[in-house]
Amino acid sequence: MKKLMAAVLALVMALSLAACGGKSDSQDAQSGDSGNKVVKIGVFEPQTGDNGAGGKQEILGMQYANYVQPTVEIGGETYDVKLEIVDNRTTPENGKSAAAELVNRKVSMVLGSYGSGVSMAGGEVFQEAGLPALGTSCTNPQVTAGCDVYFRLAFLDPFQGTVLANYAYKELGVTTAYVLGMLGSDYDQGLVYYFTEAFEGLGGTVVAEDFPEGSANFVSYINNAKAANAGVIFAPVSINYAQLIVEAAAAQGFEGALLGSDTWDSNKVIESATGKDVTSFVTTFYQEGGNPEFDAGIKEWINANPDAKTNNGGNDMVAAVTAIGYDAYFTALEALKIAGSTDPKAVLEALPSVSFEGVTGLIEFDEIGDAKRDAAYIKTANTEAGVWDFVKVQTVG
Amino acid sequence: MQQILPYIINGISVGGQYALIAIGYTLVYGILRLINFAHGDVFMVAGLVMVYATTALPFYVALPLVLAATVLLGFTIERVAYKPLRTAPRMSVMISAIGVSYLIQNLAFYITGGVPQPVTRPIPWISENVIILGASTKRVTLVTPILTILLVVVLVYLINHTKIGMAMRAAAKDFETAQLMGIKINAVISMTFVIGSFLAAVGSMLYFTNYPSVAITSGGMPGLKAFVAAVFGGIGSIPGAVVGAFIIGLCEELIKGAGYTTFSDAFTFAILIVVLCVKPTGLFGEKVTDKV
């Protein structure tokens, strides 16, 4: 009995190893079926962990863009574009090995990631390899500031934090804010810092607290916010925690507004808020309806593709990160065209001169490598219909 | 009073959830002298089963199904991973337990795709909001401690006044002699795992009524804290585990209420170290008498 069990277990392990091996073989064999040369673009995104849901939506944008425009003209030749997708599993520790994997796969350029901490970790690897990377929705300034090869499409946290602080103080008329971030998260703590700075600069009071990774019970935090008489709770946290905070705020009957950063702009968060008595505002890169042609196209694609629909959270709502993923892909194609070569070095030199109109606005880079953006969309959760309603475009002033 | 009331209510509720998990640790330890590291993951699987079952089936089918599936999982783990090692050194069983824990987590990772699964249909009635003494909360917060105490009373009765309970006590006292006296030791151990998993499933249903998503790591923290609670109360003692769990839950929430949110987890684990240093057997722990 024992021996039989051992044999069975050994067999299972052997088979699973074989399965892994087979999978990577078949991936390599896929390239170049139409006879064209192939250019590889790396996708560096979380598909698992706290940011898995957001990363998957961002990849959807890139996959859809790849479906719309599967080829590119480089130096007079037509190339097939192949996306090399790796999972950086949300955390900086795993991000490094995922980044190294992309370097090994000989990609011409990298897109991603959702999440700043993991982008910074990957940036070190890309820097060493001289591989250009285009950050999508990572918003911490350190991603591009400390790294020559990193460019970015999103707006920055100092901007985002200031926009939200201004909105809370001037538009909502709130003088006390409660801010909550996860311990050890570069993204959370960066935004907490910029929001606090801006809000206190305007004359408001900030009560700041942290929670440890893996927390599920936010009831006491909401009670602390109520005890501090806070008019808003600003929680720039990942989707997973945003859902828990919305839930706890509703259960505790928090009367003020919840403020969220770009991570909150997700149909998972709106799902949690639907039917509950909570008010929430978020800043984001794109508002559904901003480009009807893109919206209609991607919705059709999502609905025709059950896997895509699952990855989008089971519906066809267009998240801002999906739009930015779409723009990232076309920015990469522009850079490849200008470079006239698939050599990462040439692409890196070409990136600063990219200029085109994407769905999230005009895309041009400044000398640090950040997209020139001066406006953020503010949306509010419509808890009856379960959709995000557009509030206004806020420029910083 | 009005100020700290919400924290106390919440702390008692959290304590109740920990208690239901802690009993599973303490029961198994009492009989097998094994720390069942997979217990937190059994709790997580119960949550996942609940998410999947409630979306597909009506509640009166889904909830018993969650209980049955979790009990079956606990039973299977014992039969497959622990029973063949009954005569092996205790360390081997412990390592087997760690292996099972990772196996379950990774299987769940494979099934869920690593993305937290939202609880789309929470159990009605207990997930509604109520207001007690001016503090708003979910009804489950009130139900949890009551249900916990009720279940513990039933369990204590089971152990002190039934035949299987007597067998369990005998096995806990002296494993080998109990076997010689004709007690079917395997049945007793299976029963222990069945009870432990059942309580974890109940705990899981209450826990995930409060929190809207089940991640594969969801079992980690509650499991770890319940383990601390069990050690705090004296591992092997059921009342100890329950009292320990309520104390841990209350302290944790009150620390958050006092404004030291950053340290709420650090505090829990500091308690563990202090207890182990000062009173190695915990609050209600059995005194170790050396058999010369």
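Just so you know, all these numbers are worked out from the coordinates, no wet-lab data involved. On a predicted model such as this, the values are computed, not experimentally measured, just so you know. Methodologically, a virtual Cβ is constructed for each residue, glycine included, from the backbone with ideal geometry; neighbour enumeration extends over all protein chains shown.
In table form, for the structure just shown:
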read-out: Sequence-distant residues sharing a close amide H with A:PHE281 (under 5 Å, placed H); value: A:LEU258, A:LEU259, A:GLY260
read-out: Stokes-Einstein D (µm²/s) once Rh is taken as the Kirkwood radius of the protein assembly as shown over alpha-carbon pairs, at 10 °C in 1.306 mPa s; value: 59
read-out: For B:SER264, A:SER355, order by how many other beta-carbon atoms lie within 10 Å, fewest first; value: A:SER355, B:SER264
read-out: Relative contact order of region B:5-278, defined on C-alpha pairs under 8 angstrom at six or more residues apart (%); value: 39
read-out: Nearby aspartates and glutamates by direct alpha-carbon distance to B:LYS184 (threshold 17 angstrom, same-chain neighbours under 8 apart not counted); value: B:GLU78, B:ASP174, B:GLU176
read-out: Degrees, to the nearest 10: B:163-173 long Cα axis against longest axis of chain B; value: 70
read-out: Rg/Rg_globular for region A:131-235, with Rg_globular taken as 2.2 N^0.38 Å and Rg from C-alpha atoms; value: 1.18
read-out: Chymotrypsin sites (Phe, Trp or Tyr not before Pro) restricted to region B:119-186 and DSSP loop, no more than 12 other C-beta within 10 Å; value: B:TRP125
read-out: Relative contact order (%) - criterion: Cα under 8 Å, at least six apart; region: region A:120-218; value: 24
read-out: Inter-part distance where region B:6-28 and region B:192-230 are each reduced to a Cα centre, Å; value: 9
read-out: Value in Å of the Kirkwood radius, where chain A supplies the Cα pairs that are averaged; value: 21.8
read-out: Restraint check, A:LYS37/A:LYS372; B:LYS163/B:LYS225; A:LYS106/A:LYS309; B:LYS138/B:LYS256; A:LYS170/A:LYS268, Cα-Cα greater than 26 Å; value: A:LYS37/A:LYS372; B:LYS163/B:LYS225; A:LYS106/A:LYS309; A:LYS170/A:LYS268
read-out: Residue-averaged 222 nm ellipticity for the protein assembly as shown, from DSSP H runs of 4+ at -39500 (n - 2.57), nearest 500; value: -18000 deg cm²/dmol
read-out: Residue order, fewest to most surrounding Cβ atoms within 10 angstrom, among A:ARG105, B:ARG121; value: A:ARG105, B:ARG121
read-out: Intensity falloff of chain B expressed as log10 I(q)/I(0), Debye formula with alpha-carbon point scatterers, at q = 0.10, 0.12, 0.14 Å⁻¹; value: -0.53, -0.77, -1.05
read-out: Cβ-defined net charge surrounding B:SER127, 14 Å radius [Lys, Arg +1; Asp, Glu -1]; value: +2
read-out: Rg/Rh ratio calculated on Cα atoms of region B:143-292 (Kirkwood radius); value: 1.01
read-out: Share, in percent, of DSSP beta bridges within chain A that are antiparallel, nearest 5; value: 35
read-out: Cβ-placed point charges (K, R +1; D, E -1), dipole of the protein assembly as shown about Cα centre in debye, nearest 20; value: 3720
read-out: Ascending count of other beta-carbon atoms within 10 Å, so fewest first, for A:GLU124, A:GLU384; value: A:GLU384, A:GLU124
read-out: Kirkwood Rh in Å, taken over region B:171-260 so that all alpha-carbon pairs contribute; value: 15.5
read-out: Long-range amide H partners of A:PHE151 with built H, under 5 Å; value: A:ALA133, A:LEU134, A:GLY135
